[in-house]
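Heads up: the structure comes next, in structure tokens.
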Amino acid sequence: MSPPSVVIIGCGFGGLWAAQGLARAPVGVTVIDRTNHHLFTPLLYQVATAGLSAPSISAPIRHILEGQKNATVLLGEVKQILPGEKKLLLEDGTPVTYDYLVVASGTTNNYFGNDAWAPFAPGLKTLEDALDIRSRILLAFERAEREADPARRSACLTFVVIGGGATGVELAGTLAEIARHTLKGEFRRVDPTRARVMLVEGTDRVLPPYTPDLSEKARLQLERLGVTVWLNKRVTSVDAGGVTLGAERLEASTVIWAAGVASSPLGRSLGAPLDRAGRVQVGPDLSVPGHPEIFVVGDLAGVAGVPGIAPAAKQMGRHAALNIRKTLEGKSRIAFRYRDYGQLATIGRNAAVAMLGRLHLSGYPAWLTWLVAHIYFLINFRNRLAVLIDWAWSYWTYNRGARIIIKGPS
């Protein structure tokens, strides 16, 4: 008799930790992902801003799970889940059956009903997104060097980041450093230090999940780097020439979307209640109501008080694996309890904020904490070493070694 089959959709933090949590369980594990790599998403903005190369923050899924003999990896995209039949369908219609299912398909970019903005304001969720944004940023300076018209040159040197959450803050701060330090002196017809970086946030402060004092410190650090922070501003239109904020128009050739995410559409096929963000309302054990064989983890799981960050996804993935093992052993399942280890957001060189329980840090201490934590949690030693070398070089020289344009002018 073959062992029970556990299918895991998605190999982000939740899916990977679920798979590894079943390494010694008497089950067959099948991991399905639409890419062949696990991605360390907290550092994705570093690829987008030329600070790191793609392999530094990613690793092949097959390599990670090579030593886990009960794990099989499939490259494919799940299009539909059929809970009543205990099977799912891949993009080509191939069925995959399961005894237990872990859904860790994460989120997508959310343009709040304005999907037509996507071609002009790409979001940052995948390596493809990061490489596209990196090319747009670097090409903007190249176009400015060739542009004779002052107004169009100014638009080339204007960068707008929409959304003041962690991703938006990190992108805006790093963009300012690129313009003022990395590219300084490399151009002959334009001065990169005159570039404008605008961060647009619809609420009254950046980093809304953080405490007001840290939000204010983050804003001040951004402004010291040269970022213009616009609060309580709502974007009403985005096109090839820039953005419109109510009655105001801002001409900009580079716009980046960091204003929101939407839950994976796979959640709707589970037939479970969803919250306003489209997350699946799971039970205390992270299973879907009415389907104890299905677990939802990571950003797709709606659990009160649990933020959509990597540590939470890891904990949920491990917990789903634990409850599958307990079910197989005939033991009672355990309710999930999130352990809050804090949140970190970097803004730029020696600039960051950290919320570690009651301990609030900003500036260099927060930046150092952020650096150590991110190097520690990278997936393997090779990645840690590569990132450490790149960051050390960047710190002392301001040079960003991944400034290669992979897509030419269009």
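The values are calculated or read from the model by the stated rules, or taken from the named source; none is laboratory data. Note that the structure is a prediction, hence the values are computed from the model and not measured. Heads up, the Cβs are rebuilt from the backbone with ideal geometry, glycines too, and the neighbour counts pull from every protein chain shown.
Applying the condition of being in a strand (DSSP E or B) and either among the β-branched types (Val, Ile, Thr) or buried (at least 17 other Cβ atoms within 10 Å of the Cβ) (or both) to region 64-88 and asking which residue is nearest to the chain's Cα centre (by Cα) yields Val78. Does Tyr100 count as within 24 Å of Ala301 (Cβ to Cβ) and surrounded by 23 or more Cβ atoms within 10 Å (Cβ to Cβ)? So Tyr100 fits the description; yes. Scoring Lys233 on the criteria (1) assigned by TED's automatic domain parsing to the domain that holds Ser105; (2) without any contact (Cβ under 8 Å) to a residue 40 or more places away in the chain; (3) touching a Gly at 6+ places or on another chain (Cβ under 7 Å) leaves a single failure, condition (1). Pairs meeting the criteria (first residue in region 277-293 and more than 30 Å from Gly113 (Cα to Cα) and modelled with pLDDT of 95 or more, second residue of a type in the set (Val, Ile, Thr) and surrounded by fewer than 16 Cβ atoms within 10 Å (Cβ to Cβ), beta carbons under 8 Å, at least 6 apart or on different chains) are Asp285/Ile334. Tell me which of these Ser105 doesn't satisfy, since it passes every other one: (1) part of a helix (DSSP H, G or I); (2) of a type in the set (S, T, N, Q); (3) within 27 Å of Arg318 (Cβ to Cβ). Going through (1) part of a helix (DSSP H, G or I); (2) of a type in the set (S, T, N, Q); (3) within 27 Å of Arg318 (Cβ to Cβ) one by one, Ser105 breaks only (1).
Remark: pairs (first residue in region 302-326, farther than 11 Å from Gly15 by Cα; second residue of a type in the set (Asp, Glu) and surrounded by 22 or more Cβ atoms within 10 Å (Cβ to Cβ); Cβ separation under 7 Å; 6+ apart in sequence or on different chains) = Gly308/Asp299. State whether one or more residues within region 1-8 are among the β-branched types (Val, Ile, Thr), more than 21 Å from His319 (Cβ to Cβ) and touching a helix residue (DSSP H, G or I) at 6+ places or on another chain (Cβ under 6 Å). Taking every residue of region 1-8 in turn, none turns out to be among the β-branched types (Val, Ile, Thr), more than 21 Å from His319 (Cβ to Cβ) and touching a helix residue (DSSP H, G or I) at 6+ places or on another chain (Cβ under 6 Å). On inspection, Arg382 fails the criterion of being modelled with pLDDT of 95 or more, in contact with a helix residue (DSSP H, G or I) (Cβ under 9 Å, 6 or more places away or on another chain) and not β-branched (Val, Ile, Thr). Within region 33-66, can you find the residues that are closer than 28 Å to Arg325 by Cβ, in contact with an Asp or Glu (Cβ under 8 Å, 6 or more places away or on another chain) and of a type in the set (A, V, I, L, M, F, W, C)? Ile61 - this is the single residue of region 33-66 that is closer than 28 Å to Arg325 by Cβ, in contact with an Asp or Glu (Cβ under 8 Å, 6 or more places away or on another chain) and of a type in the set (A, V, I, L, M, F, W, C). Considering (1) surrounded by fewer than 17 Cβ atoms within 10 Å (Cβ to Cβ); (2) assigned to a loop (DSSP other than H, G, I, E, B), the lone condition that Arg268 does not fulfil carries the number (2). Counted as qualifying within region 2-52 are no strands (runs of 3 or more DSSP E), as none has 2 or more residues that are of a type outside the set (A, V, I, L, M, F, W, C), within 21 Å of Trp257 (Cβ to Cβ) and in the same structural domain as Ala313 (by TED's automatic domain parsing).
Comparison of Ala402, Ala320, Ala386, Ala335 shows that the only residue that is over 30 Å from Pro292 (Cα atoms), over 19 Å from the mean Cα position of the chain (by Cα) and not assigned by TED's automatic domain parsing to the domain that holds Gly164 is Ala402.
Once region 1-45 is narrowed to residues that are touching a strand residue (DSSP E or B) at 6+ places or on another chain (Cβ under 7 Å), surrounded by 17 or more Cβ atoms within 10 Å (Cβ to Cβ) and among the polar types (S, T, N, Q), the residue that is nearest to Ser105 (Cα to Cα) is Thr30.
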